[in-house]
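Presented below is the structure to which this report refers.
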Amino acid sequence: MKTILITGATDGIGLATAKLLASQGHNLLMHGRNADKLKAAVEQVKRVSPDATTDTYL
C-alpha cells in the first residue's frame, strides 16, 4: 500500500485515478481548487471503496 497525491482529483482523469487507486487499497491525498467539488469527489471515491483512506487539500 502506498500513499499517493492526486492533483486535479475533482473530475476527469484525476477522479478516475483516485477511484482506481482507492479500490486497490492505496491511501490518497486528494487535491482540488474547489472545496465543494473536492468533497463530492471524496464521496464518490468512498462509494467505490468504503474503506478508502483519503485526505483533502485545497
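Just so you know, all these numbers are worked out from the coordinates, no wet-lab data involved. Keep in mind that what you see is a predicted model, and the values were worked out from it rather than measured. As a convention, Cβ positions derive from the backbone with ideal geometry for all residues, glycine included, and neighbour counts pool all protein chains shown.
For this structure, a couple of remarks:
- Counted charge near K37, where neighbours are those whose Cβ lies closer than 11 Å (Asp, Glu -1; Lys, Arg +1): -1
- Once backbone amide H atoms are built at 1.01 Å from N, M30 has I6, D55, T56, Y57 as its partners under 5 Å, excluding neighbours fewer than 5 places away on the same chain.
- What you get for the chain, charging only the Cβ of Lys and Arg (+1) and of Asp and Glu (-1), is a dipole of about 60 debye around the Cα centre.
- Label-point separation in nm, R33 to T7, each point 7 Å along Cα→Cβ: 1.2 nm
- Derived scalar couplings ³J(HN,Hα) [region 31-40; Karplus, 6.51 cos²θ - 1.76 cosθ + 1.60; whole Hz; x for Gly, Pro]: 10, x, 8, 10, 4, 5, 5, 5, 4, 5
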